[in-house]
Every structure is written in structure tokens, then in C-alpha cells.
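The values are calculated or read from the model by the stated rules, or taken from the named source; none is laboratory data. Predicted model, so just to flag it, every value in this text is computed and none were measured. Reconstructed Cβ throughout: ideal geometry from the backbone, glycine too, with neighbour counts over all protein chains shown. Ligands, DNA and RNA are excluded from the accessible area calculation, which covers all protein heavy atoms including side chains. Shrake-Rupley method; radii C 1.70, N 1.55, O 1.52, S 1.80 Å.
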Amino acid sequence: DFCLSRGLGDVYKRQDDLLRNRGYPRQVDRSSFELGRNLAVTPGKVVFRNELIELIAYRPQTEQVYEQPIVCSPPWINKYYVMDLAPGRSFIEYAVKNGFMVFAISYRNPDATMAGFTMDTYLEKGVLAALAAAARASGSPTVNIAGLCLGGTLTGIALAYLAARGQADRVGWAAVTNTLLDFGQPGDLGAFTDEATVNKLEKQMAERGYLEAHEMAGTFDWLRANDLIWSYVISNWYMGKQPPAFDILAWNADSTNMPAAMHSQYLRSCYLRNSLVKANELVILDTPIDLGMVHTPVYVLAAENDHIAPWRSGYRTTQLVAGQVKFTLTSSGHIAGIVNPIDSPKSVYWTREDCPPEA
């Protein structure tokens with residue numbers, strides 16, 4: 001009876017995943033997590049909103065704060081709260097506890113009405129609008145940026161844009177984490193971004209005006225299929241185990257759509273043409289982008305086992321900008337590499353004073 005009941009339970013799991021999870025085994029038990037309770041819990045409030053973003057201002061937790069605030073520029077492929085994942089695993093929590101005024105961009109989840117939004121839109125109404133709003137709210141004309149993944153790529157574009165417009169002093173320093181500006185060697189993800197695949201994606205996006213969240217999430221899952229797909233086929237379907245309650249996987253499952261025009265422009269400009277490393281080839285808001293004009297101090301962090309932004313490619317950022325640069329390599333992967341607390345016994349890092357031409 002026990003074996004029969006367990007077997008029927010496993011069949012039910014497979015049927016439930018077929019009906020409610022597009023036929024994939026579930027990676028995480030999300031019932032243990034709730035936004036505002038054990039995810040994204042650092043106190044704050046929305047202080048600015050437009051048609052693309054909300055800007056969250058976090059409550060200071062020290063008697064005095066640094067004059068210049070930090071604006072967090074997250075990727076819009078997933079929700080912003082990867083930078084405020086959970087207590088003890090939150091960059092934002094750490095920053096406010098150490099005297100910083102912190103703001104974070106939260107992007108709207110695109111629908112068909114946003115089909116025409118481009119990278120120009122994400123620069124103008126995203127990072128640039130957030131910088132302006134944070135400057136008004138803090139009273140400081142100079143604001144700093146912490147960018148992550150695709151949000152770091154847009155940070156690099158923003159720095160070059162401001163330099164070209166004579167407004168570089170709007171940003172005091174920038175930090176980019178697990179970020180590519182040079183897409184010449186994008187790692188495994190390059191296998192999904194050739195001309196034929198981009199053409200196919202563009203046809204799919206044209207039908208509805210956006211790329212559905214599960215299509216993007218599926219691409220990242222198949223990059224690590226043994227870990228993110230087949231291991232759950234075995235543990236969930238064959239062995240009858242419940243998927244784990246894990247905060248990173250809960251966040252990862254909370255994915256977003258991509259506007260058709262922006263996503264096509266991003267894939268073609270970055271992955272197919274690698275335009276960011278070619279001075280003035282990429283034009284955003286009628287402004288040619290030249291990373292060599294960036295003299296803003298930049299801190300670059302990469303993760304040793306990052307399969308989305310390979311660390312040696314991330315290191316190339318140190319050679320593309322003209323100002324002061326510091327590079328740090330940390331252990332772990334694309335997300336764990338940035339949410340691990342500084343006192344984690346499992347984490348290590350490597351750095352050096354100079355940044356030679358090759359990693």
C-alpha cells in the first residue's frame with residue numbers, strides 16, 4: 001500500500017507539473033516564501049514612478065548617512081529584489097546598515113502595450129530617470145550606481161552617454177557585478193544567440209509584442225540542464241521528493257517578460273554585433289556610445305563559476321573604460337556570487353592592485 005500510494009503521488013506530481021508548470025519539474029517550493037515577510041524585507045517606500053519603473057527609497061538605519069546615495073540598477077530579466085533577497089543575504093540591507101542612502105529601480109513587467117520600448121527607453125526612463133529622482137530626493141547632485149548583470153550593462157551605457165553629453169559628474173562612482181560589456185566571448189549563452197535563433201525569437205515576439213517570461217527562463221535553465229532540470233526529474237518525479245525551499249530559486253521563478261523591440265535591439269547590438277566595444281557604433285538617444293570616454297571610477301566584480309557572464313569576459317570591462325578601475329573575482333556563480341554575505345565560510349575572493357590587459 002505504501003509503495004502504491006507513493007507511486008500514485010509521483011504520477012500526480014508529474015501531471016500537476018504538466019498542467020501548471022509547462023511540463024517541467026518544479027525547482028522550488030515557493031509556498032515558504034512571501035514578499036515583505038522573508039524576501040525583499042528591507043524597509044522602504046516608492047518615491048518616484050513613471051511608465052517603466054518605480055524607484056524605491058530605503059529607510060536609513062544609521063544616525064548619519066553618506067552624502068551621495070546609491071541607485072541599484074538590477075536586471076529586468078528578473079525582479080529587482082535579487083539585490084534585497086533575504087535578511088543576511090541582501091546587498092541593500094548591508095548598504096543601509098553601513099550608512100548609505102539607497103534607492104532601487106523596480107521595472108514594470110512588460111505587456112503588449114510596451115512592445116515598442118527600446119534600449120533608449122530603458123536608458124531614459126530607467127537609469128537616467130532614477131538618477132534624477134534620487135538626486136532630488138537626497139539633495140545630492142552626484143549619485144552612485146550599483147549595477148547587476150544586464151542592469152550593469154545599462155550602467156556602462158549610461159556612463160558613456162553622460163560622458164558624451166558633458167554630464168559625467170552626475171555619477172560619482174559605479175560598481176558593476178557579473179556584467180558583460182564585451183560580448184565577444186559570452187560563454188554558453190552564445191549558443192542561443194546566433195542569427196537564426198534571434199530571427200525566430202523576433203517572429204515569436206512580433207505576435208504578442210513581448211517575449212514571455214517562461215521562454216527566457218527556460219533558456220537559462222537549459223544552460224545548466226543537469227542542475228536545473230534533470231536533477232529535479234530524478235528527485236521529484238522518480239524519487240518522490242519535495243523540491244527545496246530555497247530563496248534564490250524562489251526569486252528565479254519570479255521572472256518577467258521582455259519588450260519585443262528592446263530585446264531584439266539588445267540581442268543584436270550586444271550578442272550578434274558586440275557593438276559596445278566599438279566606439280560610436282551603438283547610438284542611444286541620438287548619442288554615440290564610446291566606453292573609452294568613461295573616466296568615472298568603476299568597481300568590477302565577477303564570479304568564478306558564472307555561466308551567464310563568464311568572469312574573464314567580465315574582466316574585459318577593466319580595459320574598456322578610461323578611469324580608475326578595481327577588479328575582484330569571487331567564488332560561486334551568477335547569483336550566489338553576489339548574495340553570499342561577506343562572512344560566509346564558503347566564499348572567497350581574489351584581487352590585485354593593477355588590471356593588466358589579460359585576466
Residue check, residue 136 against (1) in contact with a helix residue (DSSP H, G or I) (Cβ under 9 Å, 6 or more places away or on another chain); (2) under 15 Å from residue 49 (Cα atoms); (3) not aromatic (Phe, Trp, Tyr), all met but one. Which one? (1)
Condition met for residue 282 (crowded, with 16+ Cβ neighbours inside 10 Å, out of contact with any Ser or Thr (no Cβ under 6 Å at 6 or more places or on another chain) and at pLDDT 90 or above): no
Assuming residue 179 fulfils every condition listed in (1) among the hydroxyl-bearing types (Ser, Thr, Tyr); (2) under 15 Å from the mean Cα position of the chain (by Cα); (3) assigned to a helix (DSSP H, G or I) apart from one, which condition is it? (3)
Take the residues in region 29-50 that are closer than 28 Å to residue 117 by Cα and assigned to a loop (DSSP other than H, G, I, E, B), then tell me which one is most open to solvent (accessible area, probe 1.4 Å). 50
Within region 119-157, the residues that are part of a helix (DSSP H, G or I) and of a type in the set (Ser, Thr, Tyr) are 121, 122, 138, 153, 155
Looking only at region 172-192, which residues are among the aliphatic types (A, V, I, L, M) and out of contact with any strand residue (DSSP E or B) (no Cβ under 6 Å at 6 or more places or on another chain)? 180, 181, 189, 191
Flag for residue 268 being within 19 Å of residue 177 (Cα to Cα) and basic (Lys, Arg): no
From 308, 284, which residue is in contact (Cβ under 8 Å) with a residue 24 or more places away in the chain, more than 24 Å from residue 144 (Cα to Cα), of a type in the set (Val, Ile, Thr) and in contact with an Asp or Glu (Cβ under 9 Å, 6 or more places away or on another chain)? 308
Just one listed residue, out of 131, 148, is of a type in the set (A, V, I, L, M, F, W, C) and closer than 23 Å to residue 36 by Cα, and it is 148
Pairs needed: first member in region 250-275, free of Cβ contacts under 8 Å to residues at least 40 places away in the same chain and over 12 Å from residue 209 (Cβ atoms); second member anywhere, open to solvent by 30 Å² or more (accessible area, probe 1.4 Å) and not basic (Lys, Arg); C-beta distance under 9 Å; at least 6 residues apart or different chains. 273/281; 275/281
The condition of being open to solvent by 20 Å² or more (accessible area, probe 1.4 Å) and over 20 Å from residue 95 (Cβ atoms) holds, among 160, 132, only for 132
Among the residues of region 51-66, write down those that are surrounded by 13 or more Cβ atoms within 10 Å (Cβ to Cβ) and either of a type outside the set (Asp, Glu) or without any contact (Cβ under 8 Å) to a residue 12 or more places away in the chain (or both). 52, 53, 55, 56, 57, 58, 60, 61, 65, 66
